[in-house]
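The values are calculated or read from the model by the stated rules, or taken from the named source; none is laboratory data. Owing to the predicted nature of the structure, the values given are computational and were not obtained by experimental measurement. Positions of Cβ are generated from backbone atoms using ideal geometry, with glycine treated the same way; all protein chains shown enter the neighbour counts.
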Amino acid sequence: MGERVGLKRDDMMMMMKTSLIASALILAPFAAHAQNKPVAPPLMVSAGKCDKLVVAGKDVTKQCKNEVASLPMPGGVVMFIFTQGKTLIGFTGDATKLAGDKKTGIAGVPVVDVNIRSGKEPKILAAQDGLCKFSDPYSGKPAIVTCTAKTAEGTFTGSFKSNGKPPRAK
């Protein structure tokens with residue numbers, strides 16, 4: 001009977017940190033709008049190492065640029081963008097379903113679709129299954145972004161580790 005029910009302080013701190021990261025990704029564009037400033041959502045780019053990039057089942061890691069971008073979008077959506085030559089591979093995640101792991105500090109969002117942009121019009125492929133995992137890029141430690149999605153055109157995977165420096169707005 002003397003056992004406490006509820007979250008431990010560390011659990012609550014991890015949940016708060018994960019919520020703050022998600023809030024920053026999602027709400028940043030709305031803060032500027034609330035001040036009547038027409039501002040596009042900030043595209044944040046992290047430098048580091050692209051460890052793996054698979055496009056429609058084909059390994060194109062050698063063509064992967066050593067950076068990843070994140071873009072908050074309306075409706076609680078975030079896109080993680082990997083670059084293969086001149087082609088952008090975007091994994092769109094549903095940040096309203098954000099979940100975090102208190103031990104590792106890694107959060108995850110389910111992937112809704114994969115966007116491929118190599119020309120003017122993007123090709124959007126619905127994800128049958130997928131997940132993007134990411135850690136805090138502002139922690140001063142190397143952060144990760146790992147996305148995978150199964151689509152009708154095959155599997156897409158991107159894996160990235162930052163250099164530990166904060167992302168820059170682009």
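One line per residue, one yes/no per condition, for (1) closer than 16 Å to residue 168 by Cα; (2) in contact with a Phe, Trp or Tyr (Cβ under 8 Å, 6 or more places away or on another chain); (3) not hydrophobic (A, V, I, L, M, F, W, C):
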site: 104; (1), (2), (3): no, no, yes
site: 107; (1), (2), (3): no, yes, no
site: 126; (1), (2), (3): no, no, no
site: 130; (1), (2), (3): no, yes, yes
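Across the stretch 89-104, not a single residue is classified as over 17 Å from residue 46 (Cα atoms), surrounded by 16 or more Cβ atoms within 10 Å (Cβ to Cβ), touching a Ser or Thr at 6+ places or on another chain (Cβ under 6 Å) and of a type in the set (A, V, I, L, M, F, W, C).
Residue selection: residue 110 satisfies the criterion of being without any contact (Cβ under 8 Å) to a residue 60 or more places away in the chain, of a type outside the set (Ser, Thr, Tyr) and surrounded by 15 or more Cβ atoms within 10 Å (Cβ to Cβ). On the given criteria, is residue 149 in contact with a helix residue (DSSP H, G or I) (Cβ under 7 Å, 6 or more places away or on another chain) and either closer than 23 Å to residue 48 by Cβ or in a strand (DSSP E or B) (or both)? The answer is no for residue 149. When you check residue 83 against the structure, is it at pLDDT 95 or above, surrounded by fewer than 17 Cβ atoms within 10 Å (Cβ to Cβ), more than 17 Å from residue 107 (Cα to Cα) and hydroxyl-bearing (Ser, Thr, Tyr), yes or no? Answer is no for this residue. Of the residues making up the stretch 152-169, just one is more than 22 Å from residue 54 (Cβ to Cβ) and buried (at least 17 other Cβ atoms within 10 Å of the Cβ), namely 167. Condition test on residue 60, is it surrounded by fewer than 19 Cβ atoms within 10 Å (Cβ to Cβ), at pLDDT 95 or above and aliphatic (A, V, I, L, M)? So residue 60 fits the description; yes. Which count do you get for residues in the stretch 98-107 that are closer than 21 Å to residue 75 by Cβ and either assigned to a strand (DSSP E or B) or without any contact (Cβ under 8 Å) to a residue 24 or more places away in the chain (or both)? Within the stretch 98-107, residues that are closer than 21 Å to residue 75 by Cβ and either assigned to a strand (DSSP E or B) or without any contact (Cβ under 8 Å) to a residue 24 or more places away in the chain (or both) number 3. Mind checking whether some residue in the stretch 120-139 is part of a loop (DSSP other than H, G, I, E, B), surrounded by fewer than 20 Cβ atoms within 10 Å (Cβ to Cβ), small (Gly, Ala, Ser) and modelled with pLDDT under 95? Checked the stretch 120-139: at least one residue is part of a loop (DSSP other than H, G, I, E, B), surrounded by fewer than 20 Cβ atoms within 10 Å (Cβ to Cβ), small (Gly, Ala, Ser) and modelled with pLDDT under 95.
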